[in-house]
Amino acid sequence: MHIAIIGNGISGITAARFIRKLSDHKITVISAETDYFFSRTALMYIYMGHMRRQDTQPYENWFWEKNRIDLKRGFVKKVNHQNNELLFEDGKKMSYDKLIIACGSTPNKFGWPGQDLDAVHGMYSMQDLEAMEKYSDGLKQAVIVGGGLIGIEMAEMFHSRNIPVTFLVREASFWNGVLPAEESAMVNRHIFENHIDLRLETELKEIVDDGNGKACAAITNKGDRIDCGFVGLTAGVHPNTDFLKDSGIEMKKGILINEFFETNIPNIYAIGDCAEIQNPLPGRRSVEAIWYTGRMMGENVAYNICKQKIAYDPGIWFNSAKFFEIEYQVYGTVLAKPPENHISIYWEHSDGKKSIRVIYDKDTNKILGFNLMGVRFRHEVCEKWLREKTNVEEVLQNLAIANFDPEFYKTYEDQVLKIYNQQAGRNLTSQKKRSWSNAFSFLKS
Ligand SMILES: Cc1cc2nc3c(=O)[nH]c(=O)nc-3n(C[C@H](O)[C@H](O)[C@H](O)COP(=O)(O)OP(=O)(O)OC[C@H]3O[C@@H](n4cnc5c(N)ncnc54)[C@H](O)[C@@H]3O)c2cc1C
């Protein structure tokens, strides 16, 4: 059987690796972007000089041949499912028995005048990075449009080369559709501390042409003109599915799939950023464009194709990122605008750069989520508490076992507990100390 995979990102590559582990099928991974898989989340570190391009490739180049995974560079123009055939831009064709579409996302553009000028780019692909590199030479001012995780990375990238940045964010506070108010305010402060010209409640109206087809200024909805040599478009992403428009594969926001990653067409599957789950679990989105989801889906689809059909279980929600120096982790359900039964215990360090938020259910006292800024918790410990719907008091009394850094911030677990005691009229004390052996015995229990 020949399995073709469109996309050599984390989703497609994980699928290929697991199909190889589980079978002897012929595998071809196709990509228009690069010859080899690289870690998209590390793109910024290439620009900032922390990594070379080859350091972002998790596998040596010989890995693919050794594992009999064929790599093909090319853009698939059309999927012809009647003949089980792919048509490439250069006119070549490839037949398949099963097809996995893992074609990822593409940056949003909202029809702004000037959005297709030179020196206007998203920050998604290797080509975007190359464009940033090209225009950074002698760049005196950049404008970034859209305040999400990628926008702030782009701001940090330019900042690392001392290129002044104006950052246009539509919302009243950074990423406040996702972050609770205090954490969002913390990031605002931190952006200002890094001398970024953050303009909240400000939208892009137009990008100005310099007369030669290149951007030379951005105009905001407030009528301000910012002269610049580069405009970064980072107002979110959407599934990169234009090439599938007339393919007969059903799509809404993304490629519609059931819990087995099956599309409406037999033998065609979709995974990762481009896939839209028809019936997501309560509290989960139909498109989850994050690294961990792609990896899980890649492994699961391989199992479904090679072994037996098992419904996709996205597990406990987890995401992590970095806002300049502040690391961010979220586990479980932490909503920017929580319902009345979600009770929040929020502790913030006096330096204003670290915080812990613990969410629990008012009616059941079960733990619901953790939101961490500048503090890292052990993934497995948080996941176990959330999976087992542990009582919040048990969690808080044992919070130390979740912590990674015994040597730092010695007292904050007690402070979180103190806040809970005040809020709930209790008098609990910590029961466990930070140590790997405490965490280990908890995980074994
Ligand atoms: C700058 C940046 C930082 C990020 N940071 C984080 C983070 O910290 N944590 C996190 O969880 N997530 C992060 N993400 C999101 C994460 O990287 C994505 O969710 C993930 O990479 C998506 O993987 P994928 O395999 O589904 O798609 P992709 O990685 O997009 O791979 C799809 C590939 O398919 C190719 N392709 C598409 N169409 C065709 C076609 N017709 N023919 C041939 N090839 C095609 C594309 O060119 C691309 O190479 C970040 C994303 C970006 C851009």
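Membrane-span-like helices in the chain (whole DSSP H runs, Cα extent of at least 20 Å along the helix axis, mean Kyte-Doolittle hydropathy of at least -0.5): 291-306. Using 0.36 nm per residue and subtracting the Cα-Cα separation, the extra length available between R426 and Q54 on full extension is 128.5 nm.
Counting only protein heavy atoms and a probe of 1.4 Å, the accessible surface of region 1-130 is 47% carbon and sulfur. Solvent exposure of the chain, expressed per residue, is 47 Å² of accessible area, with all protein chains present and a 1.4 angstrom probe.
Straight-distance candidates among the aspartates and glutamates for linking to K66, with alpha-carbon spacing under 19 Å and chain neighbours fewer than 8 residues away dropped: D24, D35. A cut-off under 11 angstrom between Cβ atoms defines the neighbours of G177, and their net charge, with Lys, Arg +1 and Asp, Glu -1, is +1. Highest mean packing first, where packing is the average number of other Cβ atoms within 10 Å per residue, the peptides 382-389, 397-404 line up as 397-404, 382-389.
Taking K337 as the anchor, which lysines have their alpha carbon closer than 28 Å to its alpha carbon, excluding any fewer than eight residues away along the same chain? Within the straight-line cut-off, K337 pairs with K109, K222, K252, K253, K322, K353, K354, K362, K366, K384, K389, K418.
Full extension of the chain between F260 and K21 yields a length gain of 84.1 nm, computed as 0.36 nm times the residue separation minus the alpha carbon distance. Here region 238-258 and region 1-43 have alpha carbon centers that stand 19 Å from each other. Peptides 74-84, 370-380 ranked from most to least packed give 370-380, 74-84, packing being the mean of other C-beta atoms within 10 angstrom over each peptide's residues. Sorting the segments 98-109, 44-55 by their mean number of nearby beta carbons within 10 angstrom, highest to lowest, gives 98-109, 44-55. With Cβ to Cβ distances under 9 Å as the rule, what net charge do the other residues near H342 carry (K, R +1; D, E -1)? Charge balance in the 9 Å sphere: -1.
For E201, neighbours were defined as the other residues whose beta-carbon sits under 15 Å from its Cβ, and their charges (Lys and Arg +1, Asp and Glu -1) total 0.
Projecting the Cα atoms of W385, N365, L417 onto the charge dipole of region 299-441 (Cβ charges, centred on the Cα centre) puts W385 farthest toward the positive pole.
Please give the Cα centre distance for region 159-227 versus region 271-323, rounded to the nearest Å. Rounded to whole Å, the Cα centres lie 32 Å apart.
By its C-alpha gyration tensor, with a ≥ b ≥ c as the square roots of the eigenvalues, how is region 116-186 shaped: rounded for a/c under 1.5, else prolate for a/b larger than b/c, else oblate? Taking the square roots of the gyration eigenvalues as a ≥ b ≥ c, region 116-186 is prolate. Can you figure out the FRET efficiency of E193 with S435, using R₀ = 30 Å and their beta-carbon distance, to the nearest 0.05? About 0.30, to the nearest 0.05.
The values are calculated or read from the model by the stated rules, or taken from the named source; none is laboratory data. This structure is a prediction, so every number in the text was calculated from the model and none was measured. Here Cβ is always computed from backbone atoms with ideal geometry, including for glycine, and neighbour counts include all displayed protein chains. Quick note on the areas: whole protein, heavy atoms, side chains included, nothing else; ligands and nucleic acids left out. Shrake-Rupley method; radii C 1.70, N 1.55, O 1.52, S 1.80 Å.
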